[in-house]
Amino acid sequence: MEKLYYSIGEVAEILGENTSAVRFWANSFPRYIHPVRNAKGNRQFKAEDIEVFKRIHFLVKTQGMTLEGAAKALASKEGSGVDSKLKVLESLKEMRQQLTEIKDSL
């Protein structure tokens, strides 16, 4: 079952980034990422926010875009192309993990 909210540390772990990068991206993309604050004032992110983080991560880290370029890509209709590339990349990562598990069990 999917969680309702994710902490900044959990988002960082999902992306393979540090929390300061996640915090920076959350502040840099307020149009797309909408964290809520818990009683302690900590940011909590929904699953939709994590999908946006994944797109940003792909655009910045894999495609080598600047934050401004990533913002333009998210705003344009090219954003849907990013989604398909991101899904392929995630599928490949899952396959790699499965193959590694099979290799280790041999």
Fill in the blank from the handout: For region 34-59, the count of residues that are open to solvent by 40 Å² or more (accessible area, probe 1.4 Å) and more than 14 Å from Val22 (Cα to Cα) equals 6
Practice task
Tally the residues that are β-branched (Val, Ile, Thr) and within 8 Å of the chain's Cα centre (by Cα), restricting the search to region 45-64.
Solution key: 3
Handout entry: Selection status of Glu13, assigned to a helix (DSSP H, G or I) and more than 20 Å from Ser76 (Cβ to Cβ)
Key = yes
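I'd like to verify a number: residues in region 87-106 that are touching a helix residue (DSSP H, G or I) at 6+ places or on another chain (Cβ under 9 Å) and at pLDDT 80 or above, how many? Walk me through how you get there before you give the answer.
Pass one, region 87-106, residues touching a helix residue (DSSP H, G or I) at 6+ places or on another chain (Cβ under 9 Å): 89-90.
If we keep only those that are at pLDDT 80 or above as well, we get none.
Counting residues in region 87-106 that are touching a helix residue (DSSP H, G or I) at 6+ places or on another chain (Cβ under 9 Å) and at pLDDT 80 or above gives 0.
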Fill in the blank from the handout: Inside region 17-30, the number of residues satisfying the requirement of being in contact with a helix residue (DSSP H, G or I) (Cβ under 8 Å, 6 or more places away or on another chain) and surrounded by fewer than 20 Cβ atoms within 10 Å (Cβ to Cβ) is 7
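The values are calculated or read from the model by the stated rules, or taken from the named source; none is laboratory data. Small disclaimer: the values here were computed from a predicted structure and weren't measured. Neighbour counts run over all protein chains shown; Cβ positions are idealised from the backbone, glycine included. These accessible areas exclude ligands, DNA and RNA; they are computed on the full protein's heavy atoms, side chains included. Shrake-Rupley method; radii C 1.70, N 1.55, O 1.52, S 1.80 Å.
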